[in-house]
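This report refers to the structure that appears directly beneath it.
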Amino acid sequence: MAVTTIPTAGIADNAVTAAKATGFGKILQIQSTLLQTHFTVSVSANTNTEVTNLNLNITPSSSSSKILLFGRLFCEPSTTDAQNSGVFFLRDSTKINAHNVSDAGSRNNMLQSLPSNYTSQDANSTPETFGIFTIDSPSSSSQINYKIGYINGQNCTLNVNRSVASTNSSIYEAGSSEIIAMEIGG
């Protein structure tokens, strides 16, 4: 069977409108930050804390664009109460798409809580990896700074891309963290 290609310009406006759309649903740009170094972040109990340097800037080409965000945080807090922790995205200084509704009360609002990698309390040698994603509709064509944030129910030191002990041994893990933003035409 022969295939015939019709140029988009040859399709009437009222025929198949999606075929004539330009940019809608297309990936217009990708920005990313990959961190492979080991560092720590001081976290105060029940306080939204930006993970240092785990951020990026993106300038949408249109205020109707959507931003698809992906994030990965490899970390271990210095507290054995790590199950009361989680991660989220910030647009500039605003937490996005977490549980921000009026019935939240004093709960810690996040996109994902701790995916525990060890069956007993451990704040020494077993890091966790958070993987989060969401779609944001910033309604802006100005530069936006997206960040990954962390919250914990206890004061702690967040060890990023390493375990607390971080000893050079095969029983202590190390990893990387990343944030990716994709502008999708709207």
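The values are calculated or read from the model by the stated rules, or taken from the named source; none is laboratory data. Quantities reported herein were computed from a predicted structural model and do not represent experimental measurements. With ideal geometry, Cβ positions are generated from the backbone for all residues, glycine too; neighbour counts draw on all protein chains shown.
If only residues of the stretch 42-59 that are in a strand (DSSP E or B) and more than 17 Å from the chain's Cα centre (by Cα) are counted, the one that is surrounded by the most Cβ atoms within 10 Å (Cβ to Cβ) is Val43.
Okay, residues lined up against (1) surrounded by fewer than 15 Cβ atoms within 10 Å (Cβ to Cβ); (2) closer than 27 Å to Gln29 by Cβ; (3) at pLDDT below 85:
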site: Gly105; (1), (2), (3): yes, no, yes
site: Gln112; (1), (2), (3): no, yes, yes
site: Ile135; (1), (2), (3): yes, yes, no
site: Asn145; (1), (2), (3): yes, yes, no
site: Ile148; (1), (2), (3): no, yes, no
site: Val160; (1), (2), (3): no, yes, no
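Of note, Ile179 satisfies the criterion of being of a type outside the set (Phe, Trp, Tyr), surrounded by 17 or more Cβ atoms within 10 Å (Cβ to Cβ) and assigned to a strand (DSSP E or B). Here the condition is being part of a strand (DSSP E or B), at pLDDT below 95, within 29 Å of Gly185 (Cβ to Cβ) and small (Gly, Ala, Ser); of Gly86, Gly71, Gly131, it holds for Gly131 alone. If you go through the stretch 141-169 and keep only what is among the hydroxyl-bearing types (Ser, Thr, Tyr) and in contact with a Pro (Cβ under 6 Å, 6 or more places away or on another chain), you end up with Ser141, Ser163. Considering only residues in the stretch 142-167 that are part of a loop (DSSP other than H, G, I, E, B) and among the hydroxyl-bearing types (Ser, Thr, Tyr), the one that is nearest to Ile58 (Cα to Cα) turns out to be Ser142.
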